[in-house]
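The values are calculated or read from the model by the stated rules, or taken from the named source; none is laboratory data. Given the structure is predicted, the values throughout are model-derived calculations rather than measurements. All Cβ positions, even for glycine, are placed from backbone atoms using ideal geometry, and neighbour counts span all protein chains on display. Calculation scope for accessible area: heavy atoms of the full protein, side chains included, ligands and nucleic acids excluded. Shrake-Rupley method; radii C 1.70, N 1.55, O 1.52, S 1.80 Å.
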Amino acid sequence: VVGAWFARPVMTRALPLLEPHQRSLELCVYCPKLCRAACPVSNVEASETLIPWGKMSTAYLNARGDLPLTEDHARTAWACSNCYACKERCDHGNEVATTLNVARAAYASKGLAPGAAQRVAKQFDKREAKQNKALTHLVAQSKVPTSSTGQPVLLGCGYTRALPEEALSALISVSKLEQRALSPWSKCCGLPLLQAGELERFQKHTSDLLKELPEGESLVVVDPGCAKALKTSWEQAVPGSGARVITLVERAMGHLGKMRTLPQEQRRPLRYHDPCQLGRGLGLYDQPRALLTRLMGQAPLEFDDRREHAVCSGGGGLLPSTMPETSQGMAQARIDENQACGGEEIVTACAQSLLRFRQQGAKASDLVSWLKLGLEHLQ
Ligand code: SF4
Ligand code: SF4
């Protein structure tokens, strides 16, 4: 009888989009909450419903039709910064963030997405047009040579629209590393669509982007969130194409010998924060540390919770829009950890974490600013 109960097709009733994720959901539902302490959202919110088990169980019960489909239940799928900390802690490496993003799409299809997520989806085209304008201005300011046949490069909306100095540093650094004209992409990677619950629109957007990448070219991507989103989506659409996405960190590592160590007066102590998408998302832990070591003449300082165990700054998963206070609480918790480790300036390699740290008043910089200084001697 128990076997028959397990075997029945349960996911097609209320949220059919979640059917392919039944195994992921069931792994969590029947788990004694082993990753409970890993989730930075529930650590700030202190809510059992918002631990990974709670969010996955809500989606599971909603998919079965055992729990009413309400805005409150739907909101739990948006209480995730897509940080992968639970996956790291899980013996099964369960894909919680991926599944919750599909749950967002399932809820959105029923009109249950939170207002903030609906606004992100609605304003996506307008935002992209603003990004285009900002990029045109930055490219003119940077004076880097550009050409439609140049090296394709995507900065990411966070850098282009909110961090112009770091965006300029990124353009100049890529230009010096590549030693050729650039072809800067003005389009957004589409990640906000996925996180807002517009899965089909996201898939169409990313496959259109792939068609724009010239044969034989790779796309250099500055923001690791954009890189992870494109890599995953392209790979799913066309196997092998994910490898055509290269992060700036990887590209810079390939040219480590060209970089100078900064003169003493330009150096200062920096503590490296592993961005979730660069570290747990793309497995790049050693590369940013090697770059910083080369640039600063010594290894960066470390957080107690680092590499695979680094704690999210609250910038991902649309959290700054859907749960702004929680997002701030997460950034503050990481800043407090830095203080407990001895303070000093935080250095990161992701626009969202840089913005979150600065908004909370912390002294923080981006690896790309130091990279630009380390390449200054090159034409
Ligand atoms: S992610 Fe893994 S450890 Fe966490 S609740 Fe799910 S199955 Fe358990
Ligand atoms: S991915 Fe991060 S924020 Fe999302 S449920 Fe897992 S630990 Fe929590």
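The distance linking segment 166-234 with segment 45-94 is 29 Å (Cα centroid to Cα centroid, whole angstrom). Residues in segment 29-36 carry Karplus couplings, in order, of 4, 9, 9, x, 6, 5, 9, 2 Hz; the curve used is 6.51 cos²θ - 1.76 cosθ + 1.60 with θ = phi - 60°, and Gly or Pro positions show x.
Quote the charge dipole size of segment 30-185 about the Cα centre in Debye, to the nearest 20; the model charges only the Cβ of Lys and Arg (+1) and of Asp and Glu (-1).
That gives segment 30-185 a dipole magnitude of about 420 debye.
When K204, K133 are compared by accessible area of protein heavy atoms, the largest-first order is K133, K204, using a 1.4 Å probe. Rolling a 1.4 Å probe over the protein heavy atoms gives segment 204-268 an accessible area of 47 Å² per residue. Per-atom-type breakdown for the chain gives carbon and sulfur 51% of the accessible area (1.4 Å probe, protein chains only). Can you give me the solvent accessible area of L373 with a 1.4 Å probe, rounded to the nearest 10 Å²? Answer for L373: close to 40 Å² accessible.
Measuring nothing but how far apart in sequence close Cα pairs (under 8 Å, 6+ apart) lie, relative to its length, the chain scores a relative contact order of 16 percent. Would you mind checking K33/K228; K55/K110; K87/K231; K87/K363; K130/K204 for any pair whose Cα atoms are more than 23 angstrom apart? Flagged as over cut-off: K33/K228; K87/K363. For the chain, C28, C31, C39, C80, C90, C157, C188, C341, C350 stand unpaired, since no other cysteine beta carbon lies under 4.7 Å from theirs.
Estimated at the nearest 10 Å², the accessible area of C35 is 20 Å² with a 1.4 Å probe.
Of the residues L61, P192, N101, the one whose Cα sits farthest towards the positive end of the charge dipole of segment 56-207 is P192 (charges of +1 on Lys and Arg Cβ, -1 on Asp and Glu Cβ, taken about the Cα centre).
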